[in-house]
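Step one of this worksheet: look at the structure below.
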Amino acid sequence: MRKRKNRSQPALLMDFSLKTHQGQRMCQWMDYRLKNLLFMLEVVYSENQSLHDLSTKAIEQITQEFDCLDQNLQNFLDAMPQPNNSKASIRYNKPKNFTIQCTTPQVITYVDILKNYDLLIQKCDRLWLTRQWGRMESRKPIHEWGQIISKSISFCSERFAPLRSQYIQYQKLQHSDDEENNPKDQEQP
């Protein structure tokens, strides 16, 4: 199998803080599920001649999905009611700082989605704590948007899986071609 030479890989560092536990969990899950997937599509698969067009199409679809998700979440946040008591602030006991290495442009958009999701949770908590919404009413948007984000992650995985399979097949063929062209030295008696 041909090994890729070690080469410098650029990464844009995004530092941000998430206040809510749900936002922190979503960040870890999204980063785990998407960062390598996006890098493989954008860099590794796009450099493979036979996968270039499919990879480009998958990246375009994922970019559209993220942009639409981010815009819809932002619109939802803008349409939410404002708390009656604007002087009251909300504090969380365990905010957490994150540094995400953005190795593809799409990662920047999912960082924005994460920050907006965390903001959604904060707004829902504040509406509940100021007695504008009941507890169940305040949890509903959080649950619904968690499902919407999960569906987007599944959408990305569905675009990635066929390319991954094709790439693995390609690598196996390359490996067997390399073995045929460079047979191992036979043992001396």
Residues (open to solvent by 30 Å² or more (accessible area, probe 1.4 Å) and either of a type in the set (A, V, I, L, M, F, W, C) or outside any helix (DSSP H, G or I) (or both)) located in the stretch 148-159: ILE148, PHE155
List the number of the failed condition for MET40; all other conditions in (1) open to solvent by less than 80 Å² (accessible area, probe 1.4 Å); (2) within 12 Å of the chain's Cα centre (by Cα) hold. (2)
Filter result (farther than 20 Å from GLN71 by Cα, open to solvent by 50 Å² or more (accessible area, probe 1.4 Å) and either assigned to a helix (DSSP H, G or I) or among the aliphatic types (A, V, I, L, M) (or both)) within the stretch 98-138: ARG126, TRP128, LEU129, ARG135, MET136, GLU137
How many residues, within the stretch 78-97, are more than 21 Å from HIS21 (Cβ to Cβ), of a type outside the set (S, T, N, Q) and open to solvent by 90 Å² or more (accessible area, probe 1.4 Å)? 2
In the stretch 11-35, which residue that is of a type in the set (A, V, I, L, M) and more than 10 Å from the chain's Cα centre (by Cα) is surrounded by the fewest Cβ atoms within 10 Å (Cβ to Cβ)? LEU13
Taking the condition of being within 20 Å of the chain's Cα centre (by Cα) and open to solvent by less than 40 Å² (accessible area, probe 1.4 Å), how many residues in the stretch 45-77 meet it? 10
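The values are calculated or read from the model by the stated rules, or taken from the named source; none is laboratory data. Since this is a predicted model, take the numbers as computed values, not measurements. Please note: Cβ atoms are built from the backbone with ideal geometry, for glycine as well, and neighbour counts cover all protein chains shown. Remember, those area values only see protein heavy atoms, side chains included, never the ligands or the DNA or RNA. Shrake-Rupley method; radii C 1.70, N 1.55, O 1.52, S 1.80 Å.
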